[in-house]
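Worksheet: the structure to be examined is printed underneath.
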Amino acid sequence: MVEQRHAEFRILEEKAHHALEYVATPKSAPPFWVLQFCAYPAFGDAHSYTIFAEKDYARPLLRHTHWKRVYDRQRFLDPMMGLREGWHTEPTLAVSEVALAEPSFAALMQKRQQIQIPSNDIETYGITIDGWRFSLQMSNFKAGFRLNWWGDGPPEWQELTGWARELEVFLSQAVGE
């Protein structure tokens, strides 16, 4: 039998990314999906924060998905751990939900509305081997967008990426990290 651990880990990664980015609406959630922020470190655990709310950001509910990537990678790289834990391709996920403080979340979203995001003439970067990749996706009935960046992002987006760091701190504190 030919060992397929690298191919199997790639399948596991794809499943984990799907679980982080395509979050189903919880039964207890308000009706609208309004924001998703994902953080993907090159060598660490990944997180997604998905927020559901009513119009004007009322009753915000946060669903936090944590992919234990380091643990899953060890299962595939360490033969003894693989034998003990298994080489299955299901990602190890921890999911939690928490109601957000409505005034604090609304204030943060109001701050975001003041930020202008240039969409052309973005400085080109080289290859990134280490660091963090981030994703911010927002939506409402009229429009939506998704932005991805590495590290601090393009210089033209510094106001937005600074706000995203503030958002990440707020959300990670809400889930107790």
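Going by neighbour counts of Cβ atoms within 10 Å, the residues Val169, Val70, Val175, Val23 line up, fewest first, as Val169, Val70, Val175, Val23.
The trypsin sites (Lys or Arg not before Pro) found in region 6-107 that occupy coil by DSSP, while having at most 13 further C-beta atoms within 10 Å, are Lys27. If Lys and Arg each add +1 and Asp and Glu each add -1, what is the summed charge of the other residues whose beta carbon sits under 15 Å from the beta carbon of Asn140? Here the count lands on +2.
Beyond 12 Å, how much of the Cα-Cα pair distribution for region 128-177 remains, as a whole percent? Could you put the intermediate results ahead of the total?
Numbers: 858 of 1225 pairs.
Percentage above 12 Å: 70.
Charges at C-beta only: +1 for Lys and Arg, -1 for Asp and Glu. How large is the resulting dipole of the chain about its Cα centre, in Debye rounded to 20? Spell out each step's value before the answer.
On the way: 18 positive and 23 negative charges, 94 e Å.
Here the size comes out at about 460 debye.
Counting other Cβ atoms within 10 Å as a rough exposure proxy, the listed residues Arg133, Arg112, Arg146 run Arg146, Arg133, Arg112 from fewest neighbours to most. As a proxy for reagent exposure, ranking Asp152, Asp56 by other Cβ atoms within 10 Å from fewest up yields Asp56, Asp152. With the helix formula -39500 (n - 2.57) applied to DSSP H stretches of n ≥ 4, the chain reaches a computed 222 nm mean residue ellipticity of -11000 deg cm²/dmol. Taken about its Cα centre, region 1-62 carries a charge dipole of about 220 debye when Lys and Arg each add +1 at the Cβ and Asp and Glu each add -1 at the Cβ.
For every other residue with a beta carbon closer than 15 angstrom to the beta carbon of Pro30, add +1 if it is Lys or Arg and -1 if Asp or Glu, then tell me the sum.
Value of the local net charge: 0.
Each reported figure results from applying straightforward, stated rules to the coordinates on display, with no laboratory input. The shown structure was predicted, so the numbers you read here are calculated from the model rather than taken from an experiment. FYI the Cβ positions are ideal-geometry reconstructions off the backbone, even for glycines, and counts take in every protein chain you see.
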